[in-house]
Amino acid sequence: MKKSIIYLIFLLLVSCQLKQESSKLRLWYKQPAKEWVEALPLGNGRLGAMVFGNPVNEVIQINEESIWAGSKINNNNPNALIHLKELQQALFNSEYSKAGKIAEDNFVGTPPEVRSYQPLGNLLINYQWESVAVDYSRQLDLETGVVTTDFSVDDKKYTQKVWISAPDNLLVVQIESKNGGEINSSFSLIRAKDAIVKVLPSGIIKLNGQIVDADDPRKGPGGSHMKFSGELRLKADKGTVSATDTSLIVSNAKRITVILTAATDYNINKLDFDRAIDPENTCKTILDQAAEYSAKTLEQRHLEDYQAIFGRVKLDLGTDTLTNLPTDERLGLVQKGSSDNGLMALYFQYGRYLLMGSSRTPGVLPANLQGIWNQDFEAPWNADFHTNINLQMNYWPAENCNLSETSEPLSNFMSKLMEPGSATAKEMYGTAGWTLHHLTDPFGRTGVADGVWGLTPMNGPWMTFPVYEHFLFTRDTTFLKNVAYPMLKGSAEFVLGSLVTSPEGNLVTNPSHSPENTFYDQITKTQSMLTYAATIDIEITNALFDFCAEAASVLNTDKDFIEKLKEAQKQFPPIKINSKGCIQEWVRDFEETEPGHRHMSHLLGLYPLSQFTPETLELFEAAKASIERRLSQGGGHTGWSRAWIINFYARAQNGEKAYENVLKLLSKSTLPNLFDNHPPFQIDGNFGGTAGIAEMLLQSHNGIIRLLPALPQAWADGEVKGLCARGGFEVNMKWKDHKLIQASIYSKKGGESELIYHGGKTKVILKPGETSELKL
């Protein structure tokens, strides 16, 4: 009997081991992280952590989404409206130097810069071992959202597991011996400034602080600003816990469980800190509720929540023979010229994982330039919300990759920005509606930031598109009525009120800007960023008015207003093709000062919009020529730019070029932990890359669903389940020898669509909840 029990236990252990080893969706390494970009990320939308996995001096760097320096400021330049007509006339007259001076003096924000997103601090775990740790490995399992570090000391096996739970709103660290070893370690919370740490002998560490900003004419007034707190609670099984001034000391424990959370006094409804909120009490409430559960139950609650979302999409790009290689070694092979379909599938799912980790309930802010992960008090570009491609790109995979919930923080945040954005529209441009420029922060800055290159008032309209996408994919008319349409209408009111008549007789935007790019006017012999009617603005205004009309039709409202939009739209300038056969980027065929520029804003009509398609062949061919020209001049040299190119080629239905750029994204712009490298780290490339891989497999725009529209030769066999299409559809596909052999389409809300695959067409009409198996 005893032998039978031992044998059953053995089988169970082997089964568990095989299950762990069979997970293809893991990032794993043979050594601890030495640098932050080697650490493994965890997140629940509100809390983030970077786990280094050091078996001696462990570091877990922690973020809370709303720990930001700064304060709420109306940074609209009070001189803007006074000088608006003067600026517009200078641009119509091609007086670029004069226009630049007017803009610099009268339009740049007061103050022009925002302050930075900041870390909460570090959790330090210092283990006291008698010998060196061996048999080491660490991994992030994407199927569980858990980071595990395994090692042995003196033949005793130890495991450290870390996860961040969305349902319980906290981080959990569990350390245990697998075969009778004892754990001796110390635990401390540290922050380099603006915080006080208190250690209690009851096994609690509290970190309380308030960001103190210095006066800065470019960033705003100083003062005591955002308050924040963190609290850690520790329990040791069969060990003792004592306290020093700085640490909790654990001796001779079999198992240690740590729960930790953090909070601020940020109130998104005010876009400001709120002194009625006590972050220390928020932490206490969260941990008091979690204390009712065992560590096992906390993990189970995390898994049930996490896997229900992450597990919706499966991607197999063929047999993966390299799962036995650590992730950094696989990446190294790709950097040396190898291909790796398994790593591409992993990268795709990693992007989905990162979006879940940085943008979902319990979080309230959208994913910033670094998602939610940041170790610096002065982050690159402040880790802000950049709205001239980056924030938009963060949400490209939200809908088609079946993560619709992740778009909710963005939609809510944008709804809140409409109030300060209305002040910007009125005070700077004299219009109704709302807008913002090329970046914002949690305090709702909507004026011009940084410099003249920030004078991009069409970024507000552009930001409505990812919000409207949520409706296009879900057909949620309640969301359309209450959130998306009011946002679209307010944006259209701004545009309608700000359009002016150009010398050519068109209704145009002025001032206008092709984001961050500069042209040379051969006639005036001058360079400028500013112009009127840049091509991206024509694309944005057309899309905005089209979306507004479509939404109003669904809701059966605002017919007179929509007629005004349609009448104005008739006077928009056309998209032009320049002398090189490319989409013309500016109002005239100016010379490019940087032909390989990272921004490719004039191709917004190709992706993510759908204005250049095989059905508009001349523009479609010119768009493809534009991509080739940009790349031939050195374009795509940043991570997010390369990711955009993948999506361009997918829309161009060029699978080989799309695949080539997936490889380049991995080989040239990916860090050891698979974070995107701008450089430095910037998360938009991860999200853009994931969206691009999805776009190679499934496209849905203009009433057409395309199956495997950009399948490369390297993906000869494969299967994908759970990708979403506009119209409320979900698609499963399997292919072999580059041919579709199985496909099904499920309708969430009922509807019809044209399907294109194998060069053929068919029409599907489905009832709500109905699935159609395609006959191939």
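Each other residue within a Cβ distance under 14 Å of Ile102 adds +1 if Lys or Arg and -1 if Asp or Glu, for a net charge of -1.
Heavy atoms only, 1.4 Å probe, whole protein assembly: order Glu730, Glu591 by accessible area, highest first.
On the way: Glu730 50, Glu591 90 Å².
I get Glu591, Glu730, largest accessible area first.
Note down the Stokes-Einstein diffusion coefficient of the stretch 151-302 in µm²/s, whole number, using a Kirkwood radius over alpha carbon pairs, 20 °C, and 1.002 mPa s.
Values: Rh = 17.2 Å.
For these conditions, the coefficient is 125 µm²/s.
At a Förster distance of 25 Å, what's the computed FRET efficiency of Phe377 paired with Ala423, Cβ-Cβ distance as r, to 0.05?
Working: r = 30 Å, r/R0 = 1.19.
E between Phe377 and Ala423, to the nearest 0.05, is 0.25.
Accessible area of Met418 (1.4 Å probe, protein heavy atoms only, ligands and nucleic acids ignored): about 40 Å². Largest first, the extents of the alpha carbon coordinates of the stretch 54-96 on the three principal axes equal 67, 25, 11 Å. Projection of the Cα convex hull of the stretch 197-280, averaged over all directions and equal to a quarter of that hull's surface, yields 7.3 nm². Pairs Lys580/Lys739; Lys24/Lys336; Lys314/Lys736; Lys426/Lys624; Lys270/Lys481: which are spaced more than 28 Å apart, C-alpha to C-alpha? Too far apart for the 28 Å limit: Lys580/Lys739; Lys426/Lys624.
With 27 Å as the limit on Cα-Cα distance, the pairs of Lys34/Lys161; Lys30/Lys284; Lys416/Lys748; Lys657/Lys748; Lys749/Lys775 that go past it are Lys30/Lys284; Lys416/Lys748; Lys657/Lys748. Between Asn74 and Glu86, the simple spin-label model (points 7 angstrom out along Cα→Cβ) gives 2.2 nm.
Considering just Cα atoms, how many Å³ per residue does the convex hull of the stretch 157-229 enclose? Walk me through the intermediate numbers first.
On the way: hull volume 11.6 nm³, N = 73.
In the stretch 157-229, the Cα convex hull volume per residue is 158 Å³.
Sorting Phe377, Phe572, Phe187 by solvent-accessible area of protein heavy atoms yields Phe377, Phe572, Phe187, largest first, with a 1.4 Å probe.
Each residue of the stretch 225-240 was assigned a 3J(HN,Hα) from its phi angle through the Karplus curve 6.51 cos²θ - 1.76 cosθ + 1.60 (θ = phi - 60°); the sequence is 10, 4, 8, 8, 9, x, 9, 10, 10, 10, 10, 10, 8, 6, x, 10 Hz, with glycine and proline shown as x.
What the pair-distance distribution of the stretch 100-193 shows, using all Cα-Cα distances binned every 10 Å from zero, is 12, 30, 24, 11, 9, 8, 5, 1 percent. Classify the stretch 328-465 from the C-alpha gyration tensor, please: rounded if a/c falls under 1.5, else prolate or oblate depending on whether a/b exceeds b/c. Prolate.
Between Asp288 and Glu35, what is 0.36 nm times their sequence separation minus the Cα-Cα distance? Round to one decimal in nm.
Values: separation 253, 0.36 × 253 = 91.08 nm, distance 3.42 nm.
In short, 87.7 nm is gained.
The length gained on full extension between Arg301 and Lys193, counted as 0.36 nm times the residue separation minus their Cα-Cα distance, comes to 35.4 nm. Binning all Cα-Cα separations of the stretch 615-655 at 10 Å, short to long from zero, yields these whole-percent fractions: 28, 57, 15, 0.
Starting from the Kirkwood radius over alpha-carbon pairs of the stretch 445-488, derive D by Stokes-Einstein at 37 °C in a medium of 0.692 mPa s and give it in µm² s⁻¹.
Roughly 279 µm²/s, to the nearest whole number.
The reciprocal of the average 1/r between distinct C-alpha atoms defines the Kirkwood hydrodynamic radius, which for the chain equals 27.4 Å. How would the stretch 138-196 be classified by its alpha-carbon gyration tensor: rounded, prolate or oblate, with rounded meaning a/c under 1.5 and the a/b versus b/c comparison settling the rest? Because a/c hits 1.5 or more and a/b fails to exceed b/c, the stretch 138-196 counts as oblate. For the stretch 334-401, what percent of Cα pairs sit more than 21 Å apart? So the pairs more than 21 Å apart make up 37 percent of the total in the stretch 334-401.
Less than 13 Å apart at the alpha-carbon level, and either on another chain or at least 8 residues along: which aspartates and glutamates does that give for Lys664? Filter leaves Asp340, Glu656, Asp676.
Calculated translational diffusion coefficient of the stretch 456-607 (4 °C, 1.567 mPa s; Stokes-Einstein with Kirkwood radius over alpha-carbon pairs) equals 79 µm²/s. For the stretch 538-617, trypsin sites (Lys or Arg not before Pro) are listed when DSSP marks them as loop and at most 12 other Cβ atoms sit within 10 Å of their Cβ; the list is Lys570.
Compared with the direct C-alpha span, the chain from Ser772 to Glu656 gains 38.8 nm at full extension, assuming 0.36 nm per residue.
Taking all Cα-Cα distances within the stretch 579-682, those exceeding 23 Å account for 26%. Computed from the alpha carbon atoms alone, the convex hull of the stretch 540-631 holds 108 Å³ per residue.
Taking a Cβ cut-off of under 9 Å around Ile204, the surrounding Lys, Arg, Asp and Glu residues balance to a net charge of +2, with basic ones at +1 and acidic ones at -1.
Here is the P(r) of the stretch 681-776: all C-alpha pair distances, binned every 5 Å from 0, give 3, 13, 24, 25, 17, 10, 5, 2, 1, 0 in whole percents.
Take Lys254, project a point 7 Å from its Cα along the Cβ direction, then tell me which residues of the stretch 119-157 have their backbone nitrogen under 19 Å from it. Output list for this probe position: 153, 155-157. In whole Å, what is the distance between the alpha-carbon centres of the stretch 136-175 and the stretch 555-570? After rounding, the separation between the Cα centres reads 56 Å.
At the residue level, Thr771 shows approximately 70 square angstrom of accessible surface with a 1.4 angstrom probe and all protein chains present. Calculated mean residue ellipticity at 222 nm for the chain: -10500 deg cm²/dmol, from DSSP H runs with n ≥ 4 weighted as -39500 (n - 2.57), summed, divided by the residue count and rounded to 500.
The values are calculated or read from the model by the stated rules, or taken from the named source; none is laboratory data. What you are looking at is a predicted structure, and each value in this text was computed from that prediction instead of being measured. No Cβ is skipped: glycine too gets one built from the backbone with ideal geometry, and neighbour counts run over all protein chains shown. We work out accessible area using only protein heavy atoms, side chains counted, and drop any ligands, DNA or RNA first. Shrake-Rupley method; radii C 1.70, N 1.55, O 1.52, S 1.80 Å.
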